[in-house]
Structure formats: structure tokens, C-alpha cells
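I have placed the structure first, in the form of C-alpha cells, so that the comments after it can refer back to it.
No value in this document is a laboratory result; all are computed from the given coordinates. Source: prediction; values computed, not measured. For neighbour counting, all protein chains shown are included, and Cβ atoms are generated from backbone atoms with ideal geometry for every residue, glycine included.
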């Protein structure tokens with residue numbers, strides 16, 4: 001039986017002084033995880049990789065030909081792109097296959113050599129690498145069979161129905177806000193808040209992965225509506241940062257390591273309890289800043305769509321809900337748009353930060369990268385409805401097969417979990433409160449200091 005060995009080394013950085021130095025020294029000795037997240041030894045068993053299955057599991061390994069060093073990320077910080085390598089040492093993994101949005105090989109001239117598809121002259125992959133690819137291929141084939149046998153309703157209909165119901169219930173929410181009684185008024189806030197997060201998080205997330213429908217043309221149209229009109233963000237930069245960076249390089253330092261969610265100048269209590277309220281305000285401001293990286297026509301379209309979404313919300317509160325002043329209207333907009341901002345922020349950091357992080361030149365194969373660096377939370381009716389299964393209880397499945405809808409991620413979850421556990425691969429699960437306590441007690445180690453780098457150093 002084969003098994004991978006996990007080794008951690010601290011990232012090179014300036015050491016903080018005083019109490020911070022002691023905290024970093026403790027962090028460098030090992031990961032600060034004291035919660036019961038499953039960290040199993042990685043095992044690989046030889047099995048037959050099927051081409052069809054591998055394509056299913058690699059749908060979002062998108063091109064980096066538009067990536068530039070210092071690309072602006074979601075919170076306005078800059079992240080250095082992968083370094084270009086002059087010469088590939090013999091026997092070294094040639095890196096991931098880089099595909100464009102349609103699954104085709106991107107132009108090799110625009111891609112650093114470290115991220116180019118292996119050519120005929122490159123060294124053959126090691127037996128270890130072939131075994132890992134075979135594991136991913138076997139799992140992909142199992143999932144492909146389930147997807148192929150599923151109906152349209154299972155693949156797209158369930159999630160589209162949930163989104164449509166939230167759009168249809170919006171008039172009731174605006175009318176409830178006309179009431180002078182506290183109970184109907186609070187019900188209106190709740191309805192608008194849930195509907196907003198379902199559209200701005202669940203629908204936006206599915207649209208960014210083209211998981212709402214089979215048509216790519218309609219998928220792009222709905223992506224503009226959900227991401228720019230409803231969420232007040234930019235389609236191009238949103239998809240680039242989430243799909244082509246975070247998904248393609250999950251938990252890789254400087255790329256998909258979720259560092260855009262870190263605000264080290266805030267203390268733990270401000271970050272965990274107060275900062276989420278500012279998300280509806282910061283989102284359009286960050287989007288406007290990111291428009292410097294897009295074409296003028298795209299920037300104008302984004303600004304118009306963002307203005308349409310925000311002004312429509314404002315106009316409906318004034319003319320349908322009967323608000324009298326500008327400030328009360330803006331306050332109501334903030335309340336509805338930040339109703340679930342706390343769990344939204346928490347979920348985004350709980351499911352990646354604190355798990356193994358890898359350097360770009362020593363990251364493992366896809367199946368190990370996703371099983372080690374992603375965590376599932378338990379099912380929650382409210383969060384499953386508003387955020388979607390792929391962001392809550394099926395996040396591992398979503399990272400392995402990002403083109404699947406929320407309902408399909410839930411359907412293939414038993415297959416994925418059983419397969420990973422059968423092959424002795426990690427399948428991380430933890431509760432919301434357990435992760436919350438971990439981040440509250442170990443805030444500096446997880447959210448301020450540089451994380452330790454994990455390496456898979458060999459085969460036992």
C-alpha cells in the first residue's frame with residue numbers, strides 16, 4: 001500500500017517581533033489546526049484513467065494567458081503571478097495543463113513554461129503522477145455516469161426553480177416594508193435579505209461556472225445579470241479571480257490561497273463580527289477599482305449594470321415600500337444586503353484557510369490538491385437555500401467538478417466521499433461552530449501571519 005508523506009516548511013518572510021514572533025514560531029512547527037478535521041494519509045491505488053472522466057474533472061483549469069504579475073484581487077490587494085521558469089529540471093512535474101474557458105489548450109507562447117502542457121520532448125510523468133491521474137480519472141468516470149443518467153430537472157431545473165422563486169417573492173418583501181407594525185416590517189427585511197443573497201451568491205456563483213444551463217450564450221447573459229446587476233461586481237474580474245485563479249490553484253500560495261479575504265490590520269472581533277456589515281459597501285467600490293484592468297466598453301457596461309441594480313433597489317424602496325428619506329432608504333438597503341454577510345464571510349475563510357497550503361512549484365496533482373485544501377460544512381437549510389450546496393456541504397465535490405450545479409453536487413456527494421475514503425485520501429469535514437471557535441482563538445496564526453507551506457515529499 002502506497003502513501004504520501006506530508007511535510008510542512010514555513011514560508012520565507014520577515015519575522016514579527018515580540019509576541020508575534022513567538023506565535024509565528026509556533027505556527028512554523030506545524031499547522032495550527034486543533035479541530036477534528038480529518039487529515040488522513042494520502043494513498044494512491046493504480047487504476048485505469050478514462051479520458052472522458054478526466055475532462056469532466058478538469059473543466060475549470062482555465063487559461064492564465066491573460067494573467068499578469070501583480071493582478072488585482074477581490075479585496076484590492078495584489079498577488080504575484082507564477083514565476084516563469086527558464087529550464088525545467090529533469091523529472092520535475094511539468095505543472096498543470098492550462099486550458100481556456102472552453103476546455104481547449106491555451107496558446108503556449110502566452111503561458112509561463114511552468115504551466116504549459118507537456119510536449120513530446122518533455123520527460124515522461126513518473127509512476128506516482130500516473131497513479132494520481134488514474135485516481136482522478138476513475139473518480140471522474142463514476143461522477144460522469146451519474147451526470148449522464150440524470151434528468152434536466154436534476155442537472156439544472158432544481159436550482160433554476162429556487163432562483164426563480166426568490167425573484168418572484170421580491171414584491172411581497174417590498175410590500176411588507178410598507179407596514180407600520182414591527183413583525184411585517186421585519187418579515188419584509190428577511191424576505192428581501194434572503195432573496196438578495198440567493199441571487200447575489202447562489203445564482204452568481206453558478207453563473208460564474210456556467211452551471212445554470214447548457215447554453216454558453218445564455219449563460220453569459222445571465223452571468224452579466226446576476227453578477228453585475230444583482231451583485232454590483234464585474235463579470236470579467238469576478239470570473240477571472242474565482243474560476244481561473246482560485247479554482248485552478250486552490251490553496252496555492254500567492255494565487256488561490258484565499259488571501260484576498262485577509263485583513264490583518266483588523267483585530268479578531270472587528271473582523272469576525274463587524275467587518276461583514278461593510279461587504280455590500282465594499283463590493284461595488286472594489287469592482288470599480290478593478291475596472292482599470294478591462295476594456296473601456298466593458299467598463300461602461302459594468303458601471304451601467306451596477307447603477308441599474310443599485311438604483312432599482314433604491315427606487316423600489318421609495319416608491320413601493322414608502323420610505324420617506326434618503327438615509328432611511330439607504331439604511332434599509334444595507335440591512336437587506338448584509339443580512340447573511342456574516343456567514344458569507346465566515347464560510348469563505350472556513351473552507352480553505354487553516355488547511356494545507358502549497359507553493360506553486362511543488363503543488364500536488366489535482367485530486368490531492370482538492371481533497372487536502374477544501375473542507376465541507378454540515379447541511380444548513382438557510383445557507384443551503386441562499387448560498388447553495390456547492391458552497392456549504394458539497395464544497396469538496398464542487399472543487400473537484402466545478403461545472404456541476406448545486407443539486408448535482410449534492411447528488412454525487414456520496415460517490416465522491418466514499419471514493420476518497422476508500423482510497424485513503426483526505427475528505428475534510430467540520431462544523432460551523434468548530435471552525436468559528438478555531439478562527440476566533442487562532443486569529444493571528446490563520447489570518448495575519450504567513451501560513452506554513454505543505455509539501456508532499458515522497459512515497460512510503
Checked the range 394-437 with the C-alpha gyration tensor, a ≥ b ≥ c its square-rooted eigenvalues, rounded below a/c of 1.5, otherwise prolate if a/b is larger than b/c and oblate if not; verdict oblate
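Based on alpha-carbon atoms only, what is the radius of gyration of the range 303-460 relative to the globular estimate 2.2 N^0.38 Å?
Normalised Cα radius of gyration, the range 303-460: 1.34.
So what is the relative contact order for the range 301-460, in percent, with contacts set as C-alpha pairs under 8 Å and at least six apart?
On the way: 136 pairs, mean separation 37.8, N = 160.
Dividing the mean separation by the residue count of the range 301-460 yields 24 percent.
Could you give me D for the range 373-460, from Stokes-Einstein at 25 °C and 0.890 mPa s, where the hydrodynamic radius is the Kirkwood radius over C-alpha pairs? Units µm² s⁻¹, please. Write down the numbers at each step before the final one.
Details: Rh = 14.7 Å.
Result for D is 167 µm²/s.
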Row for the range 232-282, column shape: gyration tensor on C-alpha, a ≥ b ≥ c, rounded if a/c < 1.5 i.e. under 1.5, prolate if a/b over b/c, else oblate; value oblate
Taking R0 as 60 Å and r as the Cβ-Cβ distance between residue 172 and residue 145, the FRET efficiency 1/(1 + (r/R0)^6), rounded to the nearest 0.05, comes to 0.90
The simple spin-label model distance between residue 295 and residue 282, using points 7 Å out along Cα→Cβ, in nm, is 3.2 nm
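Please compute the length gained on full extension between residue 181 and residue 382, using 0.36 nm multiplied by the number of residues separating them and subtracting their Cα-Cα distance.
Result for the pair: 69.9 nm of gain on full extension.
For residue 326 and residue 418, what is the calculated FRET efficiency with R₀ set at 51 Å and r taken between the beta-carbons, to the nearest 0.05?
Given R0 = 51 Å and the Cβ-Cβ separation, E is 0.35.
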Expressed in angstrom and rounded, the centroid-to-centroid distance over alpha carbons for the range 165-219 and the range 399-460 is 29 Å
What the 5 Å binned alpha carbon P(r) of the range 172-276 shows, as percent of pairs per bin from 0, is 2, 12, 14, 14, 16, 17, 11, 8, 5, 1, 0
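For the range 225-315, what does the alpha-carbon gyration tensor say about shape, rounded, prolate or oblate, given a ≥ b ≥ c as the root eigenvalues, a/c under 1.5 as rounded, and a/b over b/c as prolate?
Values: a/c = 2.38, a/b = 1.25, b/c = 1.91.
The shape class here is oblate.
Rounded to the nearest 0.05, what FRET efficiency is calculated for residue 314 and residue 221 with R0 set to 22 Å and r the Cβ-Cβ distance? Don't jump to the answer; show the numbers that get you there.
Details: r = 24 Å, r/R0 = 1.11.
FRET efficiency, residue 314 to residue 221: 0.35.
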